[in-house]
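Chemist: Here you go, one structure.
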Amino acid sequence: MKEREQWGSRMGLILAMAGNAIGLGNFLRFPVQAADNGGGAFMIPYFISLIILGIPLMWVEWGIGRYGGSLGHGTAPGMFDALWKSRLAKYVGILGIFLPLVIVIYYTYICSWTLAFSLFSIFGSYPSPDSISTASSASEYLKPYQAYLYDFIGASGGGTWLSPEPIAYVFFLITLLAGLWILGKGVSGGIEVLNKIAIPALFAMGLILFIKVLTLSSPTDPSIGVTAGLSFLWEPDFSGLLDAKVWLAAAGQIFFTLSLGLGAIMTYASYVKKDEDIALDALSTASLNEFAEVVFGSTIALTSAVIFFGMPGATEIASGGAFKLGFISMPAIFTHMSYGQFFGFLWFMLLFFAGLTSVVALSQPVVAFFEDEFGWERKRSVIVLGVIFFVSAHLPIFVSGALDEMDFWAGTFGLVILALLEIIIFFWIFGADRAWEEITRGAHIRIPRIFFYIMKYVTPAFLILILGAWAYQQLPSVLAKGDTGVWVTRGFLAVLLIAHIVAVRIAWKRRRA
Amino acid sequence: MTAGGWIFLALSWGVVSGFVVFCFYRIFTKIGFK
């Protein structure tokens with residue numbers, strides 16, 4: 001068996017896994033979800049989901065990953081094939097490469113916006129309309145900022161095709177090449193080094209912005225201070241606890257924030273030595289992610305939106321979604337903040353680091369698949385990934401609706417399916433006792449035995465529930481969409497999936513030969 | 001903000017901060033980073 005790479009240090013591993021988990025969603029998606037779903041009361045289903053869904057699945061993915069790595073497999077096709085003696089297993093595992101690839105194709109483009117906006121911030125390129133106090137509403141005031149974003153990504157005209165500004169394409173290429181360059185340096189020399197710099201820097205920037213937001217005052221109404229901003233998110237609305245939608249939103253947020261069901265954790269864990277701890281390291285990763293999300297993510301964007309636009313304005317912004325909060329309202333806020341150019345730069349650089357570390361993590365499964373299953377050198381694997389990546393990324397860049405469609409199938413639906421398959425294969429086919437032994441071997445912490453039963457029964461049942469509810473709630477409206485861009489995207493996804501099946505078939509045929 | 005809001009804020013921030021301290025305390029004191 002070919003010698004596989006390994007992490008250089010334990011800190012490097014934890015920071016890399018944290019970099020995988022901490023993404024744009026921690027700072028943009030979480031506050032919007034919490035504000036829309038009961039405020040402080042949202043944290044009850046959120047923490048319950050963390051305990052019965054998030055942490056168990058983290059352990060399962062780390063366990064499968066380390067086990068697969070010890071047998072020379074860094075991706076789900078090989079790992080599932082080792083766990084489940086069935087000809088189907090390797091094909092089921094295709095999701096562990098397909099999903100992160102689809103997500104990284106559009107995620108890289110969004111990540112490149114953050115790099116561009118960090119420079120727009122420092123150079124003060126945003127529009128500068130009249131004082132906020134003269135605007136009739138937040139949406140009215142934010143129109144020039146919305147136009148600024150839409151012009152940048154070429155979405156102003158409507159229609160099937162997008163026509164982004166050339167500079168948007170340049171920033172995409174820079175981000176893509178940066179990711180590929182890091183991947184080319186390898187697990188220890190590239191990914192680990194990146195995360196050792198990016199994650200501490202991200203926390204430092206988060207802390208500076210956190211302190212800045214806690215000292216903000218409203219430019220229009222002195223009565224609106226930081227307390228009002230915090231109350232917007234934290235004031236509990238207990239009626240939401242009786243609504244299934246709130247529980248689903250909390251479970252979904254835990255999924256997204258910990259990057260579960262994507263295959264990326266398993267690939268990173270495959271570079272852990274066979275008898276090294278995974279139980280405490282997985283928890284440590286989750287703890288860093290939760291701190292970034294619940295403390296920084298809850299405070300920076302939404303609290304400043306309340307302070308600048310008031311409660312009604314912040315409600316409008318939150319209901320407009322994560323992009324409106326991050327790329328439209330935040331530039332407006334920084335325009336009117338003292339030293340706003342500097343803090344705007346920090347905000348978008350924080351998002352860029354959060355995004356880039358996730359881009360690298362989501363790309364590594366494809367590289368690992370080529371290296372482990374085809375026996376290719378790293379350089380060749382990265383170049384082939386780069387070509388696939390570059391060609392495919394033109395879809396979300398130039399086709400309207402492609403990003404949402406890819407996000408639904410891969411970033412929403414697909415990850416729950418993969419997570420369900422992981423836990424069924426590991427705990428029900430490979431065997432619960434063997435799976436438990438695999439997770440707890442070399443552990444530097446004693447995992448309470450109750451988690452054995454949670455992983456065996458509760459987590460799969462919860463996943464089936466989420467899958468059923470999402471299918472019921474979202475599938476009809478998604479399937480009803482039928483414009484050109486959507487069908488082009490579906491065709492592309494189908495071709496990409498078939499290419500994955502062919503690649504796995506070839507790899508296994510070669511192995512037998 | 002009402003007392004309820006402050007309680008949820010303090011508990012949530014406290015839980016996640018405690019989570020980080022617990023994990024890294026275990027690592028630093030028992031094993032260390034190698």
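The values are calculated or read from the model by the stated rules, or taken from the named source; none is laboratory data. All values derive from a computational prediction rather than experimental measurement. Please note: Cβ atoms are built from the backbone with ideal geometry, for glycine as well, and neighbour counts cover all protein chains shown. These accessible areas exclude ligands, DNA and RNA; they are computed on the full protein's heavy atoms, side chains included. Shrake-Rupley method; radii C 1.70, N 1.55, O 1.52, S 1.80 Å.
Chemist: If the convex hull of the alpha-carbon atoms of segment A:218-266 is projected onto planes in all directions, what is the mean projected area in square nanometres? Provide the component values of the computation, followed by the final result.
Modeler: Working: hull surface 23.3 nm².
Mean shadow area of the hull around the Cα atoms is 5.8 nm².
Chemist: Please give me the summed charge of the neighbours of residue A:367: other residues whose Cβ is under 15 Å from its Cβ, Lys and Arg +1, Asp and Glu -1.
Modeler: 0
Chemist: Could you give each residue of segment A:318-327 its phi-based ³J(HN,Hα) in whole Hz, using Karplus coefficients 6.51, -1.76, 1.60 with θ = phi - 60°, and x for Gly or Pro?
Modeler: Result, rounded to whole Hz: 4, 6, x, x, 5, 5, 5, 5, x, 9.
Chemist: Taking +1 at the Cβ of each Lys and Arg and -1 at the Cβ of each Asp and Glu, which of A:266, A:91, A:200 sits farthest along the dipole of chain A towards its positive end, judged by Cα position relative to the Cα centre?
Modeler: Towards the positive end, the residue furthest out is A:91.
Chemist: Quick one: angle between helix A:166-184 and the longest Cα principal axis of chain A, in degrees between 0 and 90, rounded to 10, please.
Modeler: 30
Chemist: Here's something else I'd like to know. Using a 1.4 Å probe on the protein heavy atoms only, what accessible surface does residue A:148 show? Give it in Å² to the nearest 10.
Modeler: 60
Chemist: Can you list the GluC sites (Glu not before Pro) in segment A:327-413 that are in a DSSP coil and have 12 or fewer other beta carbons within 10 angstrom?
Modeler: Values: sites: A:371, A:373, A:377, A:405; in loops: A:377.
Answer in residue order: A:377.
Chemist: Can you give the angle from 0 to 90° between the axis of helix A:459-480 and the longest principal axis of chain A, with both taken from C-alpha atoms, to the nearest 10?
Modeler: 60
Chemist: Roughly speaking, to the nearest percent, how much of segment A:359-489's 1.4 Å accessible area is carbon and sulfur?
Modeler: Accessible surface attributable to carbon and sulfur in segment A:359-489 totals 66 percent.
Chemist: Per residue of chain A, what 222 nm ellipticity follows from adding -39500 (n - 2.57) for every DSSP H run with n ≥ 4, rounded to the nearest 500?
Modeler: Numbers: 24 runs with 350 residues, N = 513.
Taking each H run of at least 4 residues, the total per residue is -22000 deg cm²/dmol.
Chemist: Then there is this: Given a Förster radius of 30 Å and the C-beta distance between residue A:48 and residue A:443 as r, what FRET efficiency does 1/(1 + (r/R0)^6) yield to the nearest 0.05? Intermediate results must be reported in sequence, preceding the final value.
Modeler: Values: r = 24 Å, r/R0 = 0.79.
With a Förster radius of 30 Å, E is 0.80.
Chemist: Taking a ≥ b ≥ c as the square roots of the Cα gyration tensor eigenvalues, with a/c under 1.5 meaning rounded and otherwise prolate when a/b beats b/c, else oblate, which class fits segment A:177-279? Let's see the in-between values first.
Modeler: Details: a/c = 3.14, a/b = 1.55, b/c = 2.03.
Oblate.
Chemist: What net charge is computed for the residues neighbouring residue A:303, neighbours being all others with C-beta under 14 Å from the C-beta of residue A:303, Lys and Arg scored +1, Asp and Glu -1? Present the calculation step by step, with values, prior to reporting the outcome.
Modeler: On the way: positive: A:212; negative: A:235.
In short, 0.
Chemist: Residue by residue through A:439-451, how many Cβ atoms from other chains fall within 10 Å of the Cβ on average? Please report the intermediate quantities before stating the final value.
Modeler: On the way: counts 0, 0, 0, 0, 0, 4, 5, 0, 0, 0, 0, 0, 0.
Averaged over the peptide's residues, the number is 1.
Chemist: Is the C-alpha gyration tensor of segment A:17-117 telling us rounded, prolate or oblate? Criteria: a/c under 1.5 is rounded; beyond that, a/b larger than b/c is prolate, otherwise oblate. Before the final figure, lay out the partial values.
Modeler: On the way: a/c = 2.66, a/b = 1.51, b/c = 1.76.
It is oblate, given that a/c is not under 1.5 and a/b is not larger than b/c.
Chemist: Quick one: give the max-minus-min coordinate of the C-alpha atoms of segment A:105-253 along each principal axis, largest first, in Å.
Modeler: Per principal axis, max minus min of the Cα coordinates gives 52, 37, 35 Å.
Chemist: While we're here: Counting only the heavy atoms of the protein chains, how much of residue A:475 is accessible to a 1.4 Å probe, in Å² to the nearest 10?
Modeler: My reading of the accessible area for residue A:475 is about 40 Å².
Chemist: Heavy atoms only, 1.4 Å probe, whole protein assembly: order A:363, A:239 by accessible area, highest first.
Modeler: Details: A:363 0, A:239 80 Å².
Of A:363, A:239, the descending order of accessible area is A:239, A:363.
Chemist: In debye, nearest 20: dipole of segment A:268-363 around its Cα centre with unit charges on the Cβ of K, R (+) and D, E (-)?
Modeler: 320
Chemist: Choose one of A:64, A:174, A:156: the residue whose Cα lies farthest towards the positive end of the charge dipole of the protein assembly as shown (beta-carbon charges +1 Lys, Arg; -1 Asp, Glu; about the Cα centre).
Modeler: Farthest towards the positive end: A:64.
Chemist: Give or take rounding to whole Å, what are the principal axis extents of the alpha carbon atoms in the protein assembly as shown, in descending order?
Modeler: Here the spans come out as 73, 49, 45 Å, largest first.
Chemist: If you filter segment A:444-513 for trypsin sites (Lys or Arg not before Pro), then keep DSSP loop positions with at most 11 other Cβ within 10 Å, what is left? The partial results should precede the final answer.
Modeler: Numbers: sites: A:446, A:449, A:456, A:481, A:490, A:505, A:509, A:510, A:511, A:512; in loops: A:446, A:449, A:481.
Of the trypsin sites (Lys or Arg not before Pro), the ones in loops of segment A:444-513 whose Cβ has at most 11 other Cβ atoms within 10 Å are A:446, A:449.
Chemist: Additional query: Could you compute how fast segment A:309-384 diffuses translationally, taking Rh as the Kirkwood radius over C-alpha pairs and applying Stokes-Einstein at 10 °C with viscosity 1.306 mPa s? Give it in µm² per second. Don't jump to the answer; show the numbers that get you there.
Modeler: On the way: Rh = 15.4 Å.
The Stokes-Einstein estimate is 103 µm²/s.
Chemist: What is segment A:322-457's relative contact order, in percent, from Cα pairs under 8 angstrom and six or more apart in sequence?
Modeler: Numbers: 36 pairs, mean separation 13.2, N = 136.
Averaging sequence separation for qualifying contacts and normalising by length gives 10 percent for segment A:322-457.
Chemist: Probe radius 1.4 Å, ligands and nucleic acids left out: can you give me the accessible area buried at the A-B interface, summed over both chains, in Å² to the nearest hundred? Intermediate values should be presented prior to the final figure.
Modeler: Values: alone 19090 and 3260 Å², together 20030 Å².
Chains A and B together bury roughly 2300 Å² of accessible area.
Chemist: Under a point-charge model restricted to the Cβ atoms of Lys and Arg (+1) and Asp and Glu (-1), what is the dipole moment magnitude of segment A:308-396 relative to its Cα centre, in debye to the nearest 20? Write out the running numbers ahead of the final one.
Modeler: Working: 4 positive and 5 negative charges, 42 e Å.
Magnitude of the dipole: close to 200 debye.
Chemist: Just by accessible area at a 1.4 angstrom probe, what is the order of A:125, A:319 from largest to smallest? Could you put the intermediate results ahead of the total?
Modeler: Numbers: A:125 50, A:319 90 Å².
Largest accessible area first, the residues go A:319, A:125.
Chemist: Counting other Cβ atoms within 10 Å of each Cβ, which GluC sites (Glu not before Pro) in segment A:277-328 have at most 10 and sit in a DSSP loop?
Modeler: Passing both the DSSP loop test and the Cβ count: no residue.
Chemist: List the pairs from A:245/A:324; A:274/A:456; A:185/A:379; A:85/A:509; A:196/A:324 whose alpha-carbon separation is above 19 Å, in the order I gave them.
Modeler: Working: A:245/A:324 22 Å; A:274/A:456 23 Å; A:185/A:379 9 Å; A:85/A:509 16 Å; A:196/A:324 31 Å.
Violating the 19 Å Cα-Cα cut-off are A:245/A:324; A:274/A:456; A:196/A:324.
Chemist: Compute, for chain A, the length of the dipole vector about the Cα centre, with Cβ point charges of +1 (Lys, Arg) and -1 (Asp, Glu) only. Units Debye, rounded to 20. Walk me through the intermediate numbers first.
Modeler: On the way: 31 positive and 33 negative charges, 360 e Å.
Approximately 1740 debye in magnitude.
Chemist: Something else: For segment A:417-513, what class follows from the C-alpha gyration tensor (a ≥ b ≥ c being the square roots of its eigenvalues): rounded when a/c is under 1.5, otherwise prolate if a/b is larger than b/c, else oblate?
Modeler: Values: a/c = 3.53, a/b = 1.42, b/c = 2.49.
Taking the square roots of the gyration eigenvalues as a ≥ b ≥ c, segment A:417-513 is oblate.
Chemist: Would you mind getting me the FRET efficiency between residue A:174 and residue A:429? Use the beta-carbon distance for r and R0 = 51 Å, nearest 0.05.
Modeler: 0.70
Chemist: Just going by the charge dipole of segment A:457-513, with Lys and Arg at +1 and Asp and Glu at -1 on Cβ, which of A:499, A:465, A:479 is farthest out on the positive end?
Modeler: Toward the positive end, the furthest listed residue is A:499.
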